[in-house]
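The values are calculated or read from the model by the stated rules, or taken from the named source; none is laboratory data. What you see is a predicted model, and the numbers here were worked out from it, not measured in a lab. Ideal geometry is used to build each Cβ from the backbone, glycine not excepted, and the neighbour counts take in all protein chains shown.
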Amino acid sequence: MSETQTTAEPTGGRGWAWLGGRDGFLHRHDGGFRAAAERAADGVSWYVNDFALSDVRPWRVPVGESGEAGVAERPVVAWRAAERAVFDRSFQRIMAGIRAERLVKAVPVSTAEGECVGGVGAWARYCLGLDDGGAGGYAFGWEQGGSGFGGFSPEILFQVEGRRLTTMALAGTVDAAHAGDLEAQPKLGREHAVVVDALRQRLEPLGRVMVGRREVVAQGTIRHLRTRLSVQLDEEPDAAALNRLVRLVHPTPALGISPSREDTLEELQMVRDEAGAPRYFGAPFGVAWPGGALFVVAIRGLFWSGDKVWLPAGCGLVAGSEADAEWEEVELKRAWVRRVFALD
């Protein structure tokens with residue numbers, strides 16, 4: 001992991017936050033924030049943490065009035081292609097664990113890097129505001145101290161409405177031209193089933209888990225398999241319970257590893273570090289308010305610090321995965337992000 005990816009920790013101060021969806025849901029703030037261990041009892045609070053959930057004060061409570069985002073000029077990014085050799089090493093390591101029956105599924109990351117004079121933060125915020133739902137999923141973004149991330153996530157970690165918690169298994173990806181493979185290829189079905197089973201097991205202690213039907217969903221030129229799950233909680237989660245729910249659900253095998261144990265999570269983090277994955281890629285990002293909360297998975301986006309920008313993508317490996325096909329998947333996702341942000 002490069003030094004620029006570990007600087008400018010979001011511990012408080014001025015910044016901006018954005019989370020919106022095509023269903024009319026939108027929260028945003030441009031101004032001051034203070035860091036806290038739990039969400040505020042009243043009003044809106046934002047959740048910003050890295051993939052390892054290492055921040056003990058992950059909540060950002062808005063301070064003062066929200067400002068207006070300005071218009072930005074389209075940036076010019078000098079991209080360096082992601083290294084296939086780095087991805088192949090991760091692939092071989094994970095597949096060895098699967099063949100030894102030590103692992104069932106894991107998600108390696110491939111990262112393209114670039115440089116942009118003046119940074120891409122203002123442009124990313126501008127693009128989030130332009131989206132009318134055409135990108136699909138939820139527009140999410142955060143910046144503080146010149147570092148941040150933003151994108152259009154097709155995946156929610158979970159949503160709370162009163163006592164009802166909903167989540168989703170989103171795993172199995174192809175381009176639009178091969179949408180039929182999602183139902184036809186056993187490998188894609190296995191990849192999806194691992195995520196569904198893991199989420200069901202994690203939620204069962206909370207109550208009766210309702211599992212929806214598997215469906216194919218679109219995000220632009222990308223197609224996914226998705227299954228929704230829900231559970232009725234005994235009571236509306238308070239601030240401490242909300243923190244526990246994040247740690248219960250994250251990371252799902254859709255972006256993590258299965259089985260999920262201390263040793264396998266450490267192995268996954270090592271694979272991510274070797275690939276130069278940004279710390280916030282695949283992490284929970286969300287917003288909470290009295291009576292509800294929404295957390296998305298920070299994927300399909302850009303990550304930046306100063307003039308540096310990273311574009312990571314992951315893929316789910318299970319028995320039967322082939323390196324060339326998985327590489328095509330991460331390249332498909334990267335190309336989609338560049339198009340959405342007009343950075344081709």
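When we screen Ala96, Ala52 for residues that are in a helix (DSSP H, G or I), modelled with pLDDT of 95 or more and not polar (S, T, N, Q), the only hit is Ala96.
Tell me, yes or no, whether the stretch 233-247 has at least one residue that is over 26 Å from Gly314 (Cβ atoms), of a type outside the set (A, V, I, L, M, F, W, C), touching a Lys or Arg at 6+ places or on another chain (Cβ under 7 Å) and part of a loop (DSSP other than H, G, I, E, B). For the stretch 233-247, residues over 26 Å from Gly314 (Cβ atoms), of a type outside the set (A, V, I, L, M, F, W, C), touching a Lys or Arg at 6+ places or on another chain (Cβ under 7 Å) and part of a loop (DSSP other than H, G, I, E, B): present.
Conditions tested, residue by residue: (1) over 30 Å from Arg34 (Cβ atoms); (2) out of contact with any Ser or Thr (no Cβ under 6 Å at 6 or more places or on another chain); (3) in a helix (DSSP H, G or I); (4) at pLDDT 95 or above.
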| position | (1), (2), (3), (4) |
| --- | --- |
| Arg57 | no, yes, no, yes |
| Gly67 | no, yes, no, no |
| Gly70 | no, yes, no, no |
| Ala82 | yes, no, no, yes |
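In the stretch 52-72, the residues that are within 15 Å of Arg14 (Cα to Cα) and among the acidic types (Asp, Glu) reach residues that are modelled with pLDDT of 75 or more and surrounded by 10 or more Cβ atoms within 10 Å (Cβ to Cβ) with C-beta atoms within less than 7 angstrom, at least six apart or across chains, in these pairs: Glu65/Gly31; Glu68/Asp30.
Of all residues in the stretch 323-344, those satisfying the criterion of being within 18 Å of Ala177 (Cβ to Cβ) and either touching a Lys or Arg at 6+ places or on another chain (Cβ under 8 Å) or hydrophobic (A, V, I, L, M, F, W, C) (or both) are Ala325, Trp327, Val330, Leu332, Lys333, Ala335, Trp336.
In the set (1) of a type outside the set (Ser, Thr, Tyr); (2) surrounded by fewer than 17 Cβ atoms within 10 Å (Cβ to Cβ); (3) in contact with a helix residue (DSSP H, G or I) (Cβ under 8 Å, 6 or more places away or on another chain); (4) assigned to a loop (DSSP other than H, G, I, E, B), Ala254 fails one condition alone, (2).
Take Gly292 and decide whether it is surrounded by fewer than 19 Cβ atoms within 10 Å (Cβ to Cβ) and touching an Asp or Glu at 6+ places or on another chain (Cβ under 8 Å). Taking the combined requirement at face value, the residue satisfies it. Checked against (1) on the phi < 0 side of the Ramachandran plot; (2) surrounded by 15 or more Cβ atoms within 10 Å (Cβ to Cβ); (3) under 22 Å from the mean Cα position of the chain (by Cα); (4) of a type outside the set (Ser, Thr, Tyr), Met95 meets all criteria but (3).
Just one residue in the set Phe140, Phe158 is within 17 Å of Trp336 (Cβ to Cβ), in a strand (DSSP E or B) and either modelled with pLDDT under 95 or not basic (Lys, Arg) (or both); that residue is Phe140. On inspection, Asp344 qualifies as within 17 Å of Ala81 (Cα to Cα) and either at pLDDT below 95 or polar (S, T, N, Q) (or both). The lone criterion from (1) hydrophobic (A, V, I, L, M, F, W, C); (2) more than 21 Å from the chain's Cα centre (by Cα); (3) part of a helix (DSSP H, G or I) left unmet by Ala124 is number (2). Against the condition within 26 Å of Phe281 (Cβ to Cβ), touching a residue at least 12 places away in the same chain (Cβ under 8 Å) and over 20 Å from the mean Cα position of the chain (by Cα), how does Leu229 come out, does it pass? Taking the combined requirement at face value, the residue does not satisfy it. Specify which of the listed residues (Ala40, Ala78) is among the hydrophobic types (A, V, I, L, M, F, W, C), under 24 Å from Leu248 (Cα atoms), more than 19 Å from the chain's Cα centre (by Cα) and at pLDDT 90 or above. Going through Ala40, Ala78 in turn, just one is among the hydrophobic types (A, V, I, L, M, F, W, C), under 24 Å from Leu248 (Cα atoms), more than 19 Å from the chain's Cα centre (by Cα) and at pLDDT 90 or above: Ala40.
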